[in-house]
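Input: a single structure, listed below in structure tokens.
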Amino acid sequence: MPQLMPVQTAVNQFTIFREFAEEKLAEGKEKAIARLDNPGQIDGHLSSCIKAATDDRVYAIRRSADNKKANNDVRALFMDSVKGIFEGNIPEPVKKAMMMNDYNKGRPLTARRIMAVNDAIYQVLKEKEEQAIKEKEGQAIKEKDEFERQKTIHEVTNIATMREARKGFGFRGIGDVTLGYDSQRALDLYTRLADPLYLPKGSPLLEMPKETIFARSVMAFLADPKTEPQAETHARRIYQELLPVRKFAPGDSRAEELDSAVAEYVKSLIKERVRPDNNPHLEGSEEIFSETERAVTTLLHRKFLADILLKIPSAVSLALVHQGTGADEGLSLQGVEGANMVVGGSFTHTIDHMDHKLDISPDGKKATLTTTHDGTLGLPYQDTEKGQGDFTVGKFTMTQVFSFDLSHDEPVLTGYHLGQTFS
């Protein structure tokens with residue numbers, strides 16, 4: 001078997017073919033026929049400059065034996081250079097461009113054919129490079145995920161971390177509780193339920209940081225004497241609750257139906273709260289009231305904006321995390337598409353910090369109210385001697401964006417969007 005041309009030698013030789021073809025195409029001579037010019041030896045392989053034939057033409061009825069040999073010789077060198085580039089394995093798209101049936105039959109190699117092969121090689125190498133980049137990025141993601149997974153496993157099995165949970169994770173209201181549990185059982189339970197390697201094919205994977213939240217939940221169930229006997233049952237329930245939970249920004253299309261349901265609820269509250277006969281105690285925060293005084297000319301609108309900021313976002317948050325419990329004062333989100341993306345259910349929510357931003361148009365006719373609730377996710381912890389507290393399993397941020405039209409007698413809600421992140 002003939003030895004393959006070294007890759008760099010092959011690239012250099014093919015470049016000579018390409019430059020010949022580019023020159024002839026620039027002259028409008030795409031049917032120019034390639035010929036060897038000054039052939040020699042490099043690295044033990046034939047190498048040659050390329051020139052245009054003057055004694056042959058495409059589709060010649062008769063072709064001399066010398067011309068046939070010259071065409072075969074130049075095609076042989078062209079084939080060797082392409083083989084060398086791909087180390088003997090020419091991809092199918094390149095073979096198709098080369099028209100393999102034309103070799104060793106005395107047929108001419110034209111500038112147009114050389115450029116067609118050049119374009120096919122470029123496309124194959126480009127796709128190969130893009131695939132390599134994707135694989136490299138994919139490997140980096142896998143390595144990062146594995147690092148995070150190992151870190152989570154370490155967290156599950158770290159008894160010292162558990163015993164310092166009151167300080168590090170935040171046991172609230174329990175006092176000096178010494179926590180102990182079977183660390184191997186925690187690892188086994190976590191691995192069996194949450195490790196992606198153990199999930200059936202097609203199962204939705206827990207994503208970071210949900211996996212960390214789940215791992216801390218496993219710890220909580222094993223540390224609590226009340227839940228420890230049925231820790232696996234409780235862990236499976238939490239796992240199922242976490243599966244649909246997602247991070248999403250305000251305006252995410254996945255929350256479109258959820259946004260619409262909350263918007264209708266807010267509109268009903270507006271009707272109730274802005275009518276003096278129904279609401280003689282409409283309240284107003286002095287801070288917000290003064291913010292709106294210059295831009296919003298209608299006193300009722302100013303009071304309404306202050307009132308809604310103080311009360312409605314919190315009411316919506318409560319309804320979102322406790323769907324259908326009766327604490328929502330009329331907002332039912334059970335069965336609403338996207339509602340299961342909000343982390344709630346068995347988790348307790350404590351608001352640690354509230355912030356707001358009020359943007360009013362220069363003419364005072366439009367207002368956008370953005371509220372942010374930063375809080376702590378927990379699971380109830382029951383200790384018969386010390387009382388009850390929450391085991392902290394994560395943090396969350398809930399963002400709500402309200403848009404109002406203030407050009408009418410009563411304010412009109414024109415948009416509502418919810419967003420959520422957690423860690």
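Numbers at a glance
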quantity: One residue from Thr399, Thr368 being closer than 30 Å to Ala235 by Cβ and either crowded, with 17+ Cβ neighbours inside 10 Å or modelled with pLDDT of 80 or more (or both); calculated: Thr399
quantity: Among the candidates Glu211, Glu272, residue that is within 23 Å of His417 (Cα to Cα) and either at pLDDT below 75 or open to solvent by 50 Å² or more (accessible area, probe 1.4 Å) (or both); calculated: Glu272
quantity: Selection count where residues are among the small types (Gly, Ala, Ser), in contact (Cβ under 8 Å) with a residue 12 or more places away in the chain and open to solvent by 60 Å² or more (accessible area, probe 1.4 Å), scope the stretch 26-52; calculated: 1
quantity: Conditions (1) outside any loop (DSSP other than H, G, I, E, B); (2) at pLDDT below 65; number of the one not met by Arg236; calculated: (2)
quantity: Check on Val7, more than 51 Å from the chain's Cα centre (by Cα) and of a type in the set (Val, Ile, Thr); calculated: no
quantity: Any hit, the stretch 53-60, residues being part of a helix (DSSP H, G or I), open to solvent by less than 30 Å² (accessible area, probe 1.4 Å), over 30 Å from Arg216 (Cβ atoms) and in contact (Cβ under 8 Å) with a residue 24 or more places away in the chain; calculated: no
quantity: Failed criterion for Leu197 (all others in (1) at pLDDT below 80; (2) part of a helix (DSSP H, G or I); (3) under 22 Å from Ser423 (Cα atoms) hold); calculated: (3)
quantity: Residues that are under 30 Å from Phe214 (Cα atoms) and surrounded by 14 or more Cβ atoms within 10 Å (Cβ to Cβ), drawn from the stretch 402-423; calculated: His417, Leu418, Gly419, Gln420, Thr421, Phe422
quantity: Considering residues of the stretch 94-113 that are in contact with an Asp or Glu (Cβ under 9 Å, 6 or more places away or on another chain) and not in a loop (DSSP other than H, G, I, E, B) only, the residue most open to solvent (accessible area, probe 1.4 Å); calculated: Arg112
quantity: Residue in the stretch 67-86 that is outside any helix (DSSP H, G or I) and surrounded by 14 or more Cβ atoms within 10 Å (Cβ to Cβ) present; calculated: yes
quantity: Residues (among the aliphatic types (A, V, I, L, M), open to solvent by 10 Å² or more (accessible area, probe 1.4 Å) and without any contact (Cβ under 8 Å) to a residue 60 or more places away in the chain) located in the stretch 223-269; calculated: Leu243, Leu269
quantity: When residues of the stretch 75-120 are limited to those that are touching a residue at least 40 places away in the same chain (Cβ under 8 Å) and of a type in the set (A, V, I, L, M), the one nearest to Leu46 (Cα to Cα); calculated: Leu77
quantity: The lone exception for Phe289 - which of (1) among the aromatic types (Phe, Trp, Tyr); (2) modelled with pLDDT under 75; (3) open to solvent by less than 30 Å² (accessible area, probe 1.4 Å) it fails; calculated: (3)
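The values are calculated or read from the model by the stated rules, or taken from the named source; none is laboratory data. Being a predicted model, the structure only gives us computed values, none of them experimental. When we count neighbours, we look across all protein chains shown, and the Cβ atoms used for this are built from the backbone with ideal geometry, even at glycine. Quick note on the areas: whole protein, heavy atoms, side chains included, nothing else; ligands and nucleic acids left out. Shrake-Rupley method; radii C 1.70, N 1.55, O 1.52, S 1.80 Å.
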